[in-house]
Amino acid sequence: MNILIFIFIFLLGTIIGSFLNVVIFRFNTGKTMVKGRSICMTCNRNLRWYELVPVLSFIMQSGKCRRCKEVISCQYPIVEVITGIMFALVAYHFLPILFFSMSSYFLLVTFFVFIFSILIVISVYDIRHKVIPDKLVFVYIIASFLSIFINHIGIGHLFVIPTLGAILAGPVLALPFALLWLISKGKWMGLGDAKLMLGIGWMLGFSVGLSSIVISFWVGAIVSLIFMLISRSKINMKTEIPFAPFLILSTFFVFLFSLDILTLSSLFQF
């Protein structure tokens, strides 16, 4: 596939990322997601079209509102770039399918960029508010459950009858998280993480889903240590560190590389 097509896919992703920012900022505020013009959060001025160009507008305005000069949150360009990269990587991941069926390729790419767009919103929302919103995670769970009826390989029939293992993968992987939440009364793990893991299990299957859990704890531990060293503060059971971003990052990683638990364990065998 021509590199220009991937650049176009990336740019399309940044546009969707701009919308995801709207969802993140307006969710649970009573404001509509699709109506109403974008405004400066400080001076309430309606933004012009050239102030809404993903990433570029932020750079051209030096990260400040043109009118009140208030600093614009760096979340805007970060989410836009991350979404653009996600779009391009998902499109590249399914590229081999394009040679067998163009319709299957576009359906799979569209379906999974939709899923990972939801996960981006959940991740950033959890970072900002330390909570995983039920409405968003339920949409993700439904989409993930539907994914077990889709042939991810894309060769042959696109829609398949799921195996018992594929159906049980979600509940089995979510159960330990739910038990941690129950035993600790929410101190060790939030119930939202268990709900999120239910969807991850269905989307990835048991083996790949399990590797995403392992990697997420590794990444979480490393980030926590870095945070502790930088902030020079102790991290204990009362310290709130959102776990959803680690789960989602590891989920995307193992999804791209189809990294199951056996492959992951073999990487550390000497």
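Each value in this text was obtained by applying a stated rule to the coordinates, not by laboratory testing. All values derive from a computational prediction rather than experimental measurement. Glycine also receives a Cβ, built like all others from the backbone with ideal geometry; neighbour counts cover every protein chain displayed.
Restricting to region 133-155, count the residues that are assigned to a loop (DSSP other than H, G, I, E, B) and either surrounded by 13 or more Cβ atoms within 10 Å (Cβ to Cβ) or touching a helix residue (DSSP H, G or I) at 6+ places or on another chain (Cβ under 8 Å) (or both).
So the count comes out to 7.
Just wondering, is there one or more residues in region 190-211 that are in a loop (DSSP other than H, G, I, E, B), crowded, with 20+ Cβ neighbours inside 10 Å and on the phi < 0 side of the Ramachandran plot?
Taking every residue of region 190-211 in turn, at least one turns out to be in a loop (DSSP other than H, G, I, E, B), crowded, with 20+ Cβ neighbours inside 10 Å and on the phi < 0 side of the Ramachandran plot.
So how many residues does region 50-78 have that are more than 17 Å from Phe10 (Cα to Cα), assigned to a loop (DSSP other than H, G, I, E, B) and of a type outside the set (Val, Ile, Thr)?
11
Spot the failing condition for Ala91; the list is (1) touching a Lys or Arg at 6+ places or on another chain (Cβ under 8 Å); (2) surrounded by 13 or more Cβ atoms within 10 Å (Cβ to Cβ), and only one is missed.
Unmet for Ala91, out of (1) touching a Lys or Arg at 6+ places or on another chain (Cβ under 8 Å); (2) surrounded by 13 or more Cβ atoms within 10 Å (Cβ to Cβ): (1).
Of the residues in region 1-21, how many are β-branched (Val, Ile, Thr) and buried (at least 18 other Cβ atoms within 10 Å of the Cβ)?
Total satisfying the criteria: 3.
For region 133-192, name all the residues that are within 21 Å of Ile120 (Cα to Cα) and among the hydroxyl-bearing types (Ser, Thr, Tyr).
Within region 133-192, Tyr140, Ser144, Ser147 meet the criteria.
Looking at region 65-77, is at least one residue crowded, with 18+ Cβ neighbours inside 10 Å, touching a residue at least 12 places away in the same chain (Cβ under 8 Å) and among the acidic types (Asp, Glu)?
no
Mind checking which pairs have a first residue in region 136-149 that is within 14 Å of Ile118 (Cα to Cα) and a second that is charged (D, E, K, R), Cβ under 6 Å, 6 or more apart or different chains?
From region 136-149, the pairs are Val137/Lys195.
For region 98-121, enumerate the residues that are of a type outside the set (A, V, I, L, M, F, W, C) and either under 20 Å from Lys195 (Cβ atoms) or part of a helix (DSSP H, G or I) (or both).
Of everything in region 98-121, those that are of a type outside the set (A, V, I, L, M, F, W, C) and either under 20 Å from Lys195 (Cβ atoms) or part of a helix (DSSP H, G or I) (or both) turn out to be Ser103, Ser104, Tyr105, Thr110, Ser117.
Hey, can you tell me all the residues within region 75-106 that are farther than 30 Å from Leu158 by Cα and touching a helix residue (DSSP H, G or I) at 6+ places or on another chain (Cβ under 8 Å)?
Of everything in region 75-106, those that are farther than 30 Å from Leu158 by Cα and touching a helix residue (DSSP H, G or I) at 6+ places or on another chain (Cβ under 8 Å) turn out to be Gln75, Tyr76, Pro77, Val79, Glu80, Val81.
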